[in-house]
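To start, the structure under review is shown below, and the notes come after it.
Taken together, the values in this text are just the output of simple stated rules run on the coordinates, not laboratory data. Predicted model, so just to flag it, every value in this text is computed and none were measured. Cβ sites come from the backbone with ideal geometry, for glycine too, and all protein chains shown count toward neighbours.
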């Protein structure tokens, strides 16, 4: 499309011809640019405001897996093995309920691996209200499997007397480094 050419006017600089068409700025394109800039600025402000919001989720960095429930938290759960087919559940259970509770059973399985037997070493684990129970200190849950290997991903289900059950995928670690002092099978490390 050819631009429309107007003859020179006294207001034209140098008395030259002035091209008017879709490629020249007019007051209409200035308002479009202004609207585009304001829209972009508004989008940035909205995204910033949304990003500044707080969350009610608690964050606790650790090696293990966390489950934050209404009545029961499972924090930093890992499985530590001695490399001879025996392992111990490590982590903290925290009862947020209104009454004391108990861990009454543990179910464990690992897809495409030998069956895993999980047992509560000393019977049900008492869980007082707001009292953290550190599983590594009591060696409360022992797991056994033929050829229990490092890196196993174990589908773990914790069953409580009152609180809802907790199901998690938990990794297996060796009884070395930060886990060197963990008792496996109720004995000393």
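Here are the numbers:
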quantity: Relative contact order, percent, segment 65-179 [alpha-carbon distance under 8 Å, six or more residues apart]; calculated: 32 percent
quantity: Share antiparallel - DSSP beta bridges, segment 65-179, percent rounded to 5; calculated: 90 percent
quantity: Rg/Rh for segment 65-179, where both radii come from Cα atoms and Rh is the Kirkwood radius; calculated: 0.95
quantity: Mean Cβ count within 10 Å, highest first, over the residues of peptides 118-131, 149-162, 87-100, 30-43; calculated: 87-100, 149-162, 118-131, 30-43
quantity: Pairwise label distance in nanometres, residue 137 with residue 84, each label 7 Å out on the Cα-Cβ vector; calculated: 2.7 nm
quantity: Length added when fully stretched, residue 164-residue 31, from 0.36 nm per residue minus Cα-Cα; calculated: 41.9 nm
quantity: Full-stretch length increase - residue 65, residue 43 - with 0.36 nm per residue and alpha-carbon distance subtracted; calculated: 4.3 nm
